[in-house]
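Q: One structure follows; several queries about it will come next.
The numbers here are math on the coordinates, done by the rules we state, and not lab data. Everything numeric in this text was worked out from a predicted model, so none of it was measured. Glycine also receives a Cβ, built like all others from the backbone with ideal geometry; neighbour counts cover every protein chain displayed.
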Amino acid sequence: MSNSLISIVSPFKNTEKFLSECLLSILNQSYTNWELVIVDDGSTDSSFSIVEQFANQDKRIKLYRNPNSGIIAALQFAFSKTSGNFITRMDSDDIMTPNKLEVLHRNLMEYGKGHVAVGQVKYFRKDGISDGFAKYEIWLNQLTETGTNFSELYKECVIPSPCWMVYRDDFIACGGFNSDTYPEDYDLAFRFYKYKLKCIPCHETLHFWRDYSSRTSRTDANYAENNFLELKVQYFIELDYQKSRPLVIWGAGKKGKKVARLLQAQNITFYWICDNPKKIGKEIYDVVLEDTNYLKTLKKSQCLVTVSNKLEQISIKNQLDEMGLKPASDYFFYC
């Protein structure tokens, strides 16, 4: 098992500018017993021929065309062609560090099944990354450093889509790429959590994550903010919501209102609190907004925090902690 085959699954579409650099980073891995199952999802540029040249030179690269369309279908088809004991994913516009596969594999060998190996990531962009991406990178890497990724699962996707590895059996048990839900990487993170996989702490940067204006996550409607909120609410109801406890929404901004509508669509009742004096006492969607102190009158409540401001989040977290409420059990940040 110490030299087990690792299957790398990679869909691609019109990434001719970046494919060679990506493929070279895989070829330069210190861990050499891998197969790359790479699937063209309808490219109209020279992407296929670029990969074909690499595949002709290295039989570990297995190139296919997607018999259907879309990234999920490409991932599903790619996985059906894998044979490795370990499964990982790679995006065709990104770059692996030379020791990425070695570190992820070593950590899984040490911790065993029931775990997902993750690594720290570094965003890069020719003209510099945005402040939002920089903050996301810091937040994500802090979680990965301690392996506490799932503690803030409802904020953002806590497992970077191209920087994880799991045992094949665990991947199949979690449903693999069989879900048709977007965003597919966030959905997979929720399913890792659902099946109680534990994240392995990692202090090393293993993946360089490229950002550019035409990246799919920026342009595809499947990755819009509303889809993320719908996914969060769906999985909260399934995995963490306790009907016997009062449910509270903290915040009545854009996200708070969206969460409220999603809960009402599922016929779930809730209390609603905020600190905006213009909204306190008013009705939104037939629910009266209360002052935040109202939370103290509710016993054993669960609270969904939809306030986006980072400084306010710190203050809210302090208030919730002072009340003896526990994160990822009694309260969940949705921003």
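Q: Specify the residue with the greatest mean-square fluctuation among Tyr182, Tyr294, Tyr235, computed from a Gaussian network of the chain linking alpha-carbon atoms under 10 Å apart.
A: Most flexible of the set in this elastic network: Tyr294.
Q: Determine ³J(HN,Hα), in whole Hz, for all residues of segment 286-295 in sequence, where each value follows from phi through the Karplus function 6.51 cos²θ - 1.76 cosθ + 1.60 and θ = phi - 60°; x replaces Gly and Pro.
A: Coupling constants for segment 286-295: 6, 10, 7, 7, 10, 5, 4, 5, 4, 4 Hz.
Q: Please list, short to long, the whole-number percent of alpha-carbon pairs of the chain in consecutive 20 angstrom bins beginning at zero.
A: 30, 53, 17, 1
Q: Over all directions, the average projected area of the alpha-carbon convex hull for segment 47-144 comes to how many nm²? It would help to have the intermediate numbers written out before the result.
A: Details: hull surface 35.0 nm².
Here the figure is 8.8 nm², rounded to one decimal.
Q: Oh, and also: Can you list residues from other chains, or at least 5 along the same chain, whose modelled amide H is less than 5 Å from the amide H of Ile284?
A: Leu289
Q: Past the 28 angstrom mark, what percentage of all C-alpha to C-alpha distances in segment 125-282 do you count? Don't skip to the end; give the middle numbers.
A: Values: 3734 of 12403 pairs.
Roughly 30 percent, rounded to a whole number.
Q: Lys282: which aspartates and glutamates have alpha carbons under 17 Å from its alpha carbon, excluding same-chain residues fewer than 8 sequence positions away?
A: Filter leaves Glu290, Asp291.
Q: Next question. Quick one: of the DSSP bridges fully inside segment 241-333, what percent are antiparallel, nearest 5? Numbers along the way, then the final one.
A: Working: 2 of 16 bridges.
Expressed as a percentage, antiparallel bridges in segment 241-333 total about 10.
Q: Cross-link partners among lysines for Lys113, C-alpha distance below 17 Å, same-chain residues fewer than 8 apart left out?
A: Leaving aside lysines fewer than 8 places away in the same chain, those within reach of Lys113 are Lys194, Lys196, Lys198.
Q: Below 8 Å between Cα atoms, with a sequence gap of 6+, how large is the relative contact order for segment 6-223 in percent?
A: On the way: 405 pairs, mean separation 54.5, N = 218.
After rounding, I find 25 percent.
Q: Going by amide H atoms built from the backbone, whose H comes under 5 Å of the H on Cys163, apart from near neighbours?
A: The list, which skips near neighbours in sequence, is empty: none.
Q: Using Cβ counts within 10 Å as a stand-in for footprinting exposure, how do Ile72, Ile268 rank, fewest first?
A: Ile268, Ile72
Q: Also, I was wondering about something else. Largest first, please: the extent of the C-alpha atoms of segment 63-108 along each principal axis, to the nearest Å.
A: Here the Cα extents, ordered largest to smallest, are 35, 24, 17 Å.
Q: If we count other beta carbons within 10 Å of each Cβ, what is the order of Asp40, Asp321, fewest first? Could the numbers behind the result be given before it?
A: On the way: Asp40 19, Asp321 13.
Neighbour counts put them in this order, fewest first: Asp321, Asp40.
Q: While we're here: Taking loop as defined by DSSP and a crowding limit of 14 other beta carbons within 10 Å, which trypsin sites (Lys or Arg not before Pro) in segment 26-78 fit?
A: Numbers: sites: Lys59, Arg60, Lys62, Arg65; in loops: Lys59, Arg60.
The qualifying sites are Lys59.
Q: Short version: ³J(HN,Hα) in whole Hz for each residue of segment 7-22, in order, from phi by Karplus 6.51 cos²θ - 1.76 cosθ + 1.60 (θ = phi - 60°), x for Gly and Pro, what are they?
A: Result, rounded to whole Hz: 9, 9, 9, 8, x, 8, 7, 6, 10, 4, 5, 10, 4, 4, 5, 4.
Q: Still on this structure, I have one more. Write out the chymotrypsin sites (Phe, Trp or Tyr not before Pro) in segment 251-289 meeting two conditions: DSSP loop, and at most 14 other Cβ atoms within 10 Å of their Cβ. Numbers along the way, then the final one.
A: Details: sites: Phe270, Tyr271, Trp272, Tyr285; in loops: Phe270, Tyr285.
Those satisfying the criteria are Tyr285.
Q: Using only DSSP helix segments of four residues or longer, with each worth -39500 (n - 2.57), what per-residue ellipticity at 222 nm results for the chain after dividing by its residue count and rounding to 500? Present the calculation step by step, with values, prior to reporting the outcome.
A: Working: 11 runs with 119 residues, N = 335.
Result for the chain, helices only: -10500 deg cm²/dmol.
Q: How far apart, in nm, are the 7 Å Cα→Cβ label points at Ser244 and Val288?
A: Placing both labels 7 Å along Cα→Cβ, they lie 2.9 nm apart.
Q: What is the pair-distance distribution P(r) of segment 241-333, computed from all Cα-Cα distances in 5 Å bins starting at 0, with each bin given as a whole percent?
A: Histogramming segment 241-333 at 5 Å steps yields 3, 14, 27, 28, 20, 8, 1 percent.
Q: By DSSP, what percent of the beta bridges with both residues in the chain are antiparallel, rounded to the nearest 5? Mind showing how you got there, number by number?
A: Numbers: 10 of 48 bridges.
Bridges in the chain that DSSP calls antiparallel: roughly 20 percent.
Q: Same structure, new question: Each residue of segment 138-143 in order: what ³J(HN,Hα) in whole Hz does its phi give by Karplus 6.51 cos²θ - 1.76 cosθ + 1.60, θ = phi - 60°, with x for Gly and Pro?
A: 4, 4, 5, 5, 5, 5
Q: Charges only on Cβ, +1 for Lys and Arg, -1 for Asp and Glu: so what's the dipole of the chain about the Cα centre, in debye to the nearest 20? Let's see the in-between values first.
A: Working: 41 positive and 41 negative charges, 141 e Å.
I would put it at about 680 debye.
Q: Connecting C-alpha atoms closer than 10 Å in a GNM of the chain, tell me which of Met109, Met165, Met323 has the biggest fluctuation.
A: Met323
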